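The values are calculated or read from the model by the stated rules, or taken from the named source; none is laboratory data. Every value quoted in this text rests on a predicted model; they were computed, and no experiment measured them. Virtual Cβ from ideal backbone geometry, glycine too; neighbours counted across all protein chains shown.
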């Protein structure tokens with residue numbers, strides 16, 4: 001599998017019912033990025049990989065229930081527990097201009113409007129009203145994080161191709 005072309009979207013944590021449905025913990029905000037007929041790559045804990053066609057995917061508690069073509073018994077589903085789920089990035093729906101997937105934001109180099117390096121985005125925290133970018137400077141010895149609200153007056157530009165974000169930090173940051 002080409003890691004650059006795939007996105008880790010979840011992990012199979014159990015089985016559900018008698019027909020081989022899989023319980024998965026998901027790492028994506030919405031299940032609407034894939035559905036019946038789409039393909040998912042399954043990587044077992046032993047490193048074996050195989051692509052499966054999704055028959056159904058639906059929200060269930062804090063995760064999802066997933067039915068894959070060719071997996072129709074509890075015993076066959078049991079072998080998937082602990083496996084990672086991936087999807088091709090190219091199959092993700094296009095977003096509106098100025099909107100980005102988290103995997104596109106994580107890793108960006110962050111600079112102030114005066115071209116001073118702040119650090120790299122290491123994660124994104126959803127808060128409900130807006131996301132918050134967690135930024136760490138790898139050159140600093142302490143593990144101090146800077147939390148940058150993902151709002152227009154603070155985030156001035158995002159250039160995915162150059163892997164760069166320009167910010168206007170509020171006083172005190």
May I ask you to list the residues in the range 110-140 that are over 17 Å from residue 154 (Cα atoms), in contact with a strand residue (DSSP E or B) (Cβ under 9 Å, 6 or more places away or on another chain) and not in a strand (DSSP E or B)? 137, 138, 139, 140
Suppose the filter is touching a strand residue (DSSP E or B) at 6+ places or on another chain (Cβ under 7 Å), assigned to a loop (DSSP other than H, G, I, E, B) and at pLDDT 90 or above; does residue 107 pass it? yes
Kindly establish whether residue 147 is loosely packed, with under 13 Cβ neighbours inside 10 Å and either assigned by TED's automatic domain parsing to the domain that holds residue 8 or under 26 Å from residue 7 (Cβ atoms) (or both). yes
So, of the residues in the range 132-146 that are under 17 Å from residue 102 (Cα atoms) and without any contact (Cβ under 8 Å) to a residue 24 or more places away in the chain, which turns out to be farthest from the chain's Cα centre (by Cα)? 136
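Quick one: in the range 45-76, which of the residues that are in contact (Cβ under 8 Å) with a residue 40 or more places away in the chain and part of a strand (DSSP E or B) is surrounded by the fewest Cβ atoms within 10 Å (Cβ to Cβ)? Break it down stepwise before answering.
To start, the set of residues in the range 45-76 that are in contact (Cβ under 8 Å) with a residue 40 or more places away in the chain comprises 49, 60, 63-68, 71-74, 76.
Retained after the next criterion (residues that are part of a strand (DSSP E or B)): 49, 60, 63-68.
Details: 49: 13, 60: 15, 63: 18, 64: 21, 65: 17, 66: 29, 67: 21, 68: 25.
Restricting to residues being in contact (Cβ under 8 Å) with a residue 40 or more places away in the chain and part of a strand (DSSP E or B), the top hit is 49.
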Hey, among 69, 61, which residue is more than 21 Å from the chain's Cα centre (by Cα), within 20 Å of residue 16 (Cβ to Cβ) and in the same structural domain as residue 16 (by TED's automatic domain parsing)? 69
Looking only at the range 30-44, and only at residues there that are part of a loop (DSSP other than H, G, I, E, B) and surrounded by 11 or more Cβ atoms within 10 Å (Cβ to Cβ), the one that is nearest to the chain's Cα centre (by Cα): 34
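Taking the criterion of being surrounded by 11 or more Cβ atoms within 10 Å (Cβ to Cβ) and either at positive phi or assigned by TED's automatic domain parsing to the domain that holds residue 28 (or both), would at least one residue in the range 111-119 satisfy it? Please lay out each step first, then the result.
Here is the first cut: in the range 111-119, the ones surrounded by 11 or more Cβ atoms within 10 Å (Cβ to Cβ) are 111-113, 117-119.
Among the residues that remain, those that are also either at positive phi or assigned by TED's automatic domain parsing to the domain that holds residue 28 (or both) are: 119.
Within the range 111-119 (the criterion being surrounded by 11 or more Cβ atoms within 10 Å (Cβ to Cβ) and either at positive phi or assigned by TED's automatic domain parsing to the domain that holds residue 28 (or both)), the answer is yes, since at least one residue qualifies.
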